[in-house]
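The values are calculated or read from the model by the stated rules, or taken from the named source; none is laboratory data. Predicted model only: the values in this text are computed from it and were never measured. Counting neighbours? That spans all protein chains shown, and the Cβs are built from the backbone with ideal geometry, glycine included.
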Amino acid sequence: MERTKFRNELAQQLRVDSIRAADAAGSGHPTSSMSAADLMAALLDGHLRLDFDRPETPANDHLVFSKGHASPLLYSCFKAAGAIDDAELLTFREFGSRLEGHPTPALPWVDVATGSLGQGLPFGVGLALTAARLDELNNRVWVLCGDSEMAEGSIWEAFEHAAFYRLDNIVALVDVNRLGQTGETMHGWDLGAYSARARAIGWHTVEVDGHDPERIEAALTEAEATSGRPTAVVARTSKGKGASEVENLPGKHGKPLQDPATAIEELGGVRDLRVKVSAPDTVGGSRTFSPTDGETARFEVGNSVATRKAYGQGLRALGSRRGDVVAMDGEVSNSTHSEQFREAYPERYFEMYIAEQQMLATAVGMQARGWVPFASTFAAFLSRAYDFIRMASISRASLNLMGSHAGTAIGEDGPSQMALEDLAAMRAVHGSTVLYPCDANQTARLLEPMADREGICYLRASRGASPVIYGPDEEFPIGGSRTVREGDHVTLVGAGVTLHEAVEAADRLAEEGIRARVVDLYSIKPTDTETLRRAAEETEGLVTVEDHWPEGGLGDAVLAALADTGASAPVTKLAVTGMPGSGKPAELLSQVGIDSTAIARAARALVPESASR
């Protein structure tokens, strides 16, 4: 009875502190926080195993607020656990505060940034999969979900994968408070609508009154005892619980209370309770994998090899040298060739099926625990997961993406499969690295610097075979480029498939007396600005060519680099401007005006007739 009384008081404190934090900030989501306070009070007092003094401890549980807008509740929990003090709590949303409007890893107890609804549970599944299959630890992942976000498809990708991998170390606490931002949610208080779907997928479910401490305690205990499948605790709650000004009333979402003093008095006043959150019982570190034979991927100059195939061989080789590298794929591993890694290192490979959002979330979860993930699929399909990529950058995540089958050069599959916006999208991600290799050895050699680099790295790979022009021992630093033809009349800048078209154009122009410099701008971001500056100063102009829409890709990267250096030169951008169809790669490159003929024509227009004599 004493414990029930304490939890009731603790829940009221969490509500009061959520109101106080939002009031101090003049913004926030106190009502969404208040509905889940009883769930969090029970979790803190007896179920969460987290050493707040040692957040890096591998055996710690993980607490993820999928409903990240309920951050006042999370920060109130941190205060109750003694991790922050009251003064810091009241800096909520202030400039320079760690307590941002939605949680980020600026706080050491936050693994991943949340706030874009539908992402916290997928991230939690990634953390749980890491604990179960890589770290081999018996810790648990607790995820607080909102009922509004249960409409997101990414939530159900997470449910599917947790059930498929039999992750009995993850518990979803679904706060069914009925009210969203603009009105009632899709299913209101129909708990069965959520639990029936979860059970059909393979989850164990418990429906509870989310304000009954004894029912909550029994549900959490049941979740911990459930083996072989994940558990969802589906809790009926009231939004704004305990404050008559807002409780169970529409139109109060995302607003501080107008009369916080009265609400705090209704809730029993300000308290300063402390809860001793248990540290994990397990000591020691997580599992590691030792390097094996130090294999390298090598390709003979003059052969033709698809860069997607080189990626697979290079990734397998990297895995032999580094035990921290893991891989996952969106059920196209025989096309991306990540199957080569799977065959060599099955314990470090994870099939994510056609669920690109969960694939990205898994990569974020794994890197949060120190692993180095490489995730691959067709470049066009990464667009489905773009919000996860955006949020990964806010999580300060370091991970590696490979998008294959990019551009019109894929041929007959047609435009639905042609990523033509990926370079722009990935360049726009904060702190990202964007690479577009043109041959097999370049592809393989870029993987290790990707693995060592902070932030999100994207490698664009091509479907068709291309000539191997670089030796296997050559280096390709990120931020560099290669000048593959010297010339002082005009500069041709390409990458990937267009680099080979540019070389062919340069050879054709040489027969006409036009000396074309050819730059392989394999590092689209960061860009080799010095090489481009010299090209602008030493030649009559530049022709950029890319198998991509004109907006935001290689051409714009070149223009931005020239602007940064103050260099001035005519620049002709060749890119895909019309909607392509199906056809042979050569036919499509010609149709959209990025083949060697089009490049040569654009170069001639930049070179004065007198210069080529």
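Tabulated data
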{"read-out": "Qualifying residue in the stretch 591-606 (condition: loosely packed, with under 15 Cβ neighbours inside 10 Å, in contact with a helix residue (DSSP H, G or I) (Cβ under 6 Å, 6 or more places away or on another chain) and either at positive phi or touching a residue at least 60 places away in the same chain (Cβ under 8 Å) (or both))", "value": "no"}
{"read-out": "Number of the condition not met by VAL434 [criteria: (1) under 19 Å from VAL325 (Cα atoms); (2) buried (at least 24 other Cβ atoms within 10 Å of the Cβ); (3) in contact (Cβ under 8 Å) with a residue 60 or more places away in the chain; (4) β-branched (Val, Ile, Thr)]", "value": "(1)"}
{"read-out": "Any hit, the stretch 10-22, residues being assigned to a loop (DSSP other than H, G, I, E, B) and either out of contact with any Asp or Glu (no Cβ under 9 Å at 6 or more places or on another chain) or over 18 Å from GLN181 (Cβ atoms) (or both)", "value": "no"}
{"read-out": "Answer residue from the stretch 558-591, given it is out of contact with any strand residue (DSSP E or B) (no Cβ under 9 Å at 6 or more places or on another chain), among the hydrophobic types (A, V, I, L, M, F, W, C) and in a loop (DSSP other than H, G, I, E, B) and is farthest from ARG517 (Cα to Cα) among those", "value": "MET579"}
{"read-out": "Those helices (runs of 4 or more DSSP H) lying entirely in the stretch 381-457 with at least 1 residues more than 30 Å from GLY581 (Cα to Cα) and over 11 Å from the mean Cα position of the chain (by Cα)", "value": "440-452"}
{"read-out": "Neighbours by Cβ (under 7 Å, 6+ apart or cross-chain): first from the stretch 346-358, without any contact (Cβ under 8 Å) to a residue 24 or more places away in the chain; second in a helix (DSSP H, G or I) and surrounded by fewer than 24 Cβ atoms within 10 Å (Cβ to Cβ)", "value": "TYR349/ARG342"}
{"read-out": "Output for the stretch 421-431, where each listed residue is touching a helix residue (DSSP H, G or I) at 6+ places or on another chain (Cβ under 8 Å), surrounded by fewer than 24 Cβ atoms within 10 Å (Cβ to Cβ) and in contact (Cβ under 8 Å) with a residue 60 or more places away in the chain", "value": "GLU421, ALA424, ALA425, ARG427"}
{"read-out": "Wholly enclosed helices (runs of 4 or more DSSP H) of the stretch 35-126 bearing at least 1 residues free of Cβ contacts under 8 Å to residues at least 60 places away in the same chain and within 21 Å of the chain's Cα centre (by Cα)", "value": "71-80"}
{"read-out": "Matching option when the condition is within 30 Å of PRO103 (Cα to Cα) and either at pLDDT 95 or above or not assigned by TED's automatic domain parsing to the domain that holds LEU382 (or both), among MET418, MET402", "value": "MET402"}
{"read-out": "Some residue of the stretch 489-510 being assigned to a loop (DSSP other than H, G, I, E, B) and of a type in the set (D, E, K, R)", "value": "no"}
{"read-out": "Among (1) over 33 Å from the mean Cα position of the chain (by Cα); (2) in the same structural domain as THR31 (by TED's automatic domain parsing); (3) touching a residue at least 24 places away in the same chain (Cβ under 8 Å); (4) in a loop (DSSP other than H, G, I, E, B), the one test that GLU217 misses", "value": "(4)"}
{"read-out": "The stretch 229-248: number of residues that are in contact (Cβ under 8 Å) with a residue 40 or more places away in the chain and either among the polar types (S, T, N, Q) or touching a strand residue (DSSP E or B) at 6+ places or on another chain (Cβ under 8 Å) (or both)", "value": "12"}
